[in-house]
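Worksheet for the structure shown next.
The values are calculated or read from the model by the stated rules, or taken from the named source; none is laboratory data. Note that the coordinates shown come from a computational prediction; the quantities given were computed from them, not determined experimentally. Don't worry about glycine lacking a Cβ; one is built from the backbone with ideal geometry, like all the others, and counts go over all protein chains shown. When the accessible area is computed, the model is the full protein with side chains, heavy atoms only, and any ligands, DNA or RNA have been set aside. Shrake-Rupley method; radii C 1.70, N 1.55, O 1.52, S 1.80 Å.
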Amino acid sequence: MLILTCPCCGIAADETELENGGEAHLKRATVGSSDEAFEAYLFDRANPKGVHFERWRHAYGCGKWFLAARDTVTLEVYATYSGQTPEPPADVVKAIKAKRPDWEGTA
Amino acid sequence: MRRYSAFAIAREGLRYHQGWERAWASPEPKKRYDAIVVGAGGHGLATAFYLGKNHGITNVAVIEKGWLGGGNTGRNTTIIRSNYLQDPSAAIYEKSRSLYETMSQDVNMNVMFSPRGVIMLAQTHHEVRGYQRTAHANALQGVETTFIGPQKVKELVPIINLEGPRYPVLGGLWQPRGGTARHDAVAWGYARACSAMGMDIIQNCAVTGIETEGGQVKAVNTTKGRIETGKLALVVAGHSSDLAQMAGFRLPIESVALQALVSEPIKPCMDVVVMANTVHGYMSQSDKGEMVIGGGTDHYNNYTQRGSFHHIEETVRALVETFPMISRLKMLRQWGGIVDMTGDRSPLISKTPVGGIFVNCGWGTGGFKAIPGSGWAMAELVAKGEPGPLAADFGIERFREGRFIDESVAAGVAH
Ligand SMILES: Cc1cc2nc3c(=O)[nH]c(=O)nc-3n(C[C@H](O)[C@H](O)[C@H](O)COP(=O)(O)OP(=O)(O)OC[C@H]3O[C@@H](n4cnc5c(N)ncnc54)[C@H](O)[C@@H]3O)c2cc1C
Ligand SMILES: [Zn+2]
C-alpha cells in the first residue's frame, strides 16, 4: 500500500484516499504554441524507470493538489511538496541524490 | 524441425519420449541482422513470424531480457474478443481473432484456442445502450456479436446472480466466437516456428542502448554485446518508454500494474467468459478447473509487477455479488504485469522520429487477443517501412492530429 504524506494537511494518506494526476512539472502549451508543443504537453510522457515527479490530489481528504517524488521501481517515496512548485526544489533533489547517487536528474 | 502430430506422440510413446527435439535453438547473437525485434512476448514473436512468413525476411533476431513469454504474454487472463466500437479497432482485432482460429495449424503447436464465447454484462441502463450501439457497429463491421437479454445470460451462465442489489444484470453483449487460448503455447509456438525459419531467439539478453547515426538506427547494445541492424522493432509493452528514451524520443505511454488471480481448481461450472465492466471484474474457468479472475489497473506509474491489494479486494467483492457460489473459493495465486496505457486506449503500430525504428505498444490491458493481427500488421510496417491498411490508423501522429481511436469507453475494464 502506497502512503504519501499530504503537505497541505499533514496527513499520511493511504493510496485509496488519493488520486494520481500524472507527470508533474510539464511545460504548459497555450495559445500560439506549435502542434508539437501541444502534443508533448498533452500526451508525451517520460514514464521513467526510477525517479518520477508526479501530481497527486488528496481527493478523499483535504481535497488539495500536491506533488511527490517517487521511485517507480522500488515504490519508495523521496518527498512530497507543494503543488505550486514549477521545478523540483533543491532540497527534494538533494533528498533523492542522497538515496540514489547514480540518478542523473530529469531529462 | 520435426512436426508435432498424433503420429509423433504415438512414435515417442513407443520409445520412452526420448526423441523430442528442443523446440527452438538458443544461439549466441550474430554481429548483424537485417531486422531485430526487441521483446519476445507474443507481439514481438508474431512480428518476427510474419516477417518471415509474409515478407521472406528471415535474417532476424528476437532479443529478450528475461525468458520468452515472461512479460504480459505469460501473465494475462487470455480473453480473446473483437467486439470493439471503432472501425480501425474492429479491423485489427477481428483479423487477429480469425488468425487465432487457425493458429495451431499455422505454427504447428496446439495453442488450445477455445472459442467458447464471451459475454460483457450490461448492469446499468447506460451500458445497455452502449452495448446495443456496439452490437450495431459490429454488424456493420462484419464482427458477429448480438445484444442478449437477462434470461439468455442466465441460460449461458447458470451460476450468475441476475438480481444483484446494486447492479442487476440487464443483458449483455455476446460474442459467440470469442474465447480463450493457452498463452504460453502462443509464445512457444511462434518461437518454434521462427527458429525453424532460421531466426535467432536470444533470451536473457537485455537491450541497454540504441545507437543512431544521422537520424537512422545503427545498432543496439545488449548484455551480450553490440549487434548491428538497419531495422529495429521495439515491442516491449510496459517497457516501451524505457527503450524510447534510449533512442532519444518520448511516447504517449504510461506504465501501470494490472493484476490477476486464480482459484483452486473446481468442477466445470462455467463454459463461457464473463466480463462485468461496471463493477470491474471478469472471470473464466481454465481447462484445469481454476477460476481465472481479473479486474482493473492501479492508477500510478509502476514497474514492480506487483499491484495494490485494495484492487484485488474490489474485484473479488464485485465477483462475489455476481457469482455468489464463489464466495468460499480459495485463491491460489495472484500476480501482476506492467501494462502500457495510451490516452485513447488504442495501440501504437508506428514509425518513430528515428529512421528504421518502429514501435508496437500501447496494447495496455487487452493485447493478448491482438497478438497475431498485430504481428501481421507490424511485420508489414517493418518490411516495407510504411504501414499497411491494418496499421495505418495506429500511428503516433494521431495524437498530434487529434485522430483518436477512442476505445476508453468500450474497454471500461482491463482485459
Ligand atoms: C494481469 C493481466 C491480465 C491481462 N488480461 C488480458 C486478457 O484477458 N486479454 C487480452 O487480450 N489481454 C490481456 N492482457 C494484456 C496482454 O497481456 C498484453 O497486452 C500482451 O501480452 C502484450 O504482449 P507484448 O508481446 O506486447 O508484451 P510482453 O509479453 O510484456 O513482452 C514484452 C517483452 O519485452 C521484454 N523486454 C522489456 N525490456 C527489454 C529490454 N530492455 N531488452 C530486451 N527485452 C526487453 C520483456 O521482458 C517482455 O518479455 C492482460 C495483461 C495483464 C498484466
Ligand atoms: Zn491533505
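Considering only region B:185-192, I want to know if a residue exists there that is part of a loop (DSSP other than H, G, I, E, B) and either open to solvent by 10 Å² or more (accessible area, probe 1.4 Å) or of a type in the set (A, V, I, L, M, F, W, C) (or both). Don't jump to the end; show me each part of the working.
If we filter region B:185-192 for residues that are part of a loop (DSSP other than H, G, I, E, B), which is where we start, we get none.
No; the residues of region B:185-192 include none that is part of a loop (DSSP other than H, G, I, E, B) and either open to solvent by 10 Å² or more (accessible area, probe 1.4 Å) or of a type in the set (A, V, I, L, M, F, W, C) (or both).
Counting only residues that are open to solvent by less than 30 Å² (accessible area, probe 1.4 Å) and not in a helix (DSSP H, G or I), how many does region B:86-108 have? Final tally of qualifying residues: 1. Restricting the first member to region B:304-320 and to residues that are closer than 13 Å to residue A:2 by Cα and within 13 Å of chain A (Cβ to nearest Cβ), and the second to residues that are aliphatic (A, V, I, L, M) and open to solvent by 30 Å² or more (accessible area, probe 1.4 Å), the beta-carbon pairs closer than 9 Å and six or more apart or on different chains are B:304/A:73; B:304/A:75; B:306/A:75; B:308/A:1; B:309/A:1; B:310/A:1. Inside region A:15-39, residues that are open to solvent by less than 60 Å² (accessible area, probe 1.4 Å) and within 19 Å of residue A:72 (Cβ to Cβ) make up a count of 9. If I filter region A:60-78 for residues that are open to solvent by 10 Å² or more (accessible area, probe 1.4 Å), within 26 Å of residue B:362 (Cα to Cα), charged (D, E, K, R) and within 16 Å of ligand 2 (Cβ to nearest atom), do I get at least one hit? Within region A:60-78, none of the residues are open to solvent by 10 Å² or more (accessible area, probe 1.4 Å), within 26 Å of residue B:362 (Cα to Cα), charged (D, E, K, R) and within 16 Å of ligand 2 (Cβ to nearest atom). When residue A:42 is tested against (1) within 14 Å of ligand 2 (Cβ to nearest atom); (2) open to solvent by 30 Å² or more (accessible area, probe 1.4 Å); (3) without any contact (Cβ under 8 Å) to a residue 40 or more places away in the chain; (4) not hydroxyl-bearing (Ser, Thr, Tyr), just one condition goes unmet, and that condition is (1). Only one entry in B:358, B:368 is under 30 Å from residue A:72 (Cα atoms), of a type outside the set (S, T, N, Q) and out of contact with any Lys or Arg (no Cβ under 9 Å at 6 or more places or on another chain), namely B:368.
Inside region B:247-262, residues that are away from ligand 1 (no atom under 15 Å from the Cβ) and open to solvent by less than 30 Å² (accessible area, probe 1.4 Å) make up a count of 2.
Among the residues in region B:298-314, are any within 11 Å of ligand 1 (Cβ to nearest atom) and within 25 Å of residue B:175 (Cβ to Cβ)? No, there is no match, as no residue in region B:298-314 is within 11 Å of ligand 1 (Cβ to nearest atom) and within 25 Å of residue B:175 (Cβ to Cβ).
When B:343, B:356, B:373 are checked against the criterion of being open to solvent by 10 Å² or more (accessible area, probe 1.4 Å) and farther than 22 Å from residue A:37 by Cα, B:356 stands alone in meeting it.
Residue by residue, here is whether (1) within 23 Å of residue B:226 (Cβ to Cβ); (2) open to solvent by 10 Å² or more (accessible area, probe 1.4 Å); (3) among the hydrophobic types (A, V, I, L, M, F, W, C); (4) assigned to a loop (DSSP other than H, G, I, E, B) holds:
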position	(1), (2), (3), (4)
B:16	no, yes, no, yes
B:24	no, yes, yes, yes
B:29	yes, yes, no, yes
B:51	yes, no, yes, no
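From the list B:149, B:164, pick out the single residue that is in contact with a strand residue (DSSP E or B) (Cβ under 6 Å, 6 or more places away or on another chain) and over 30 Å from residue B:376 (Cα atoms).
Numbers: B:164 fails: in contact with a strand residue (DSSP E or B) (Cβ under 6 Å, 6 or more places away or on another chain).
Matching residue, one of B:149, B:164: B:149.
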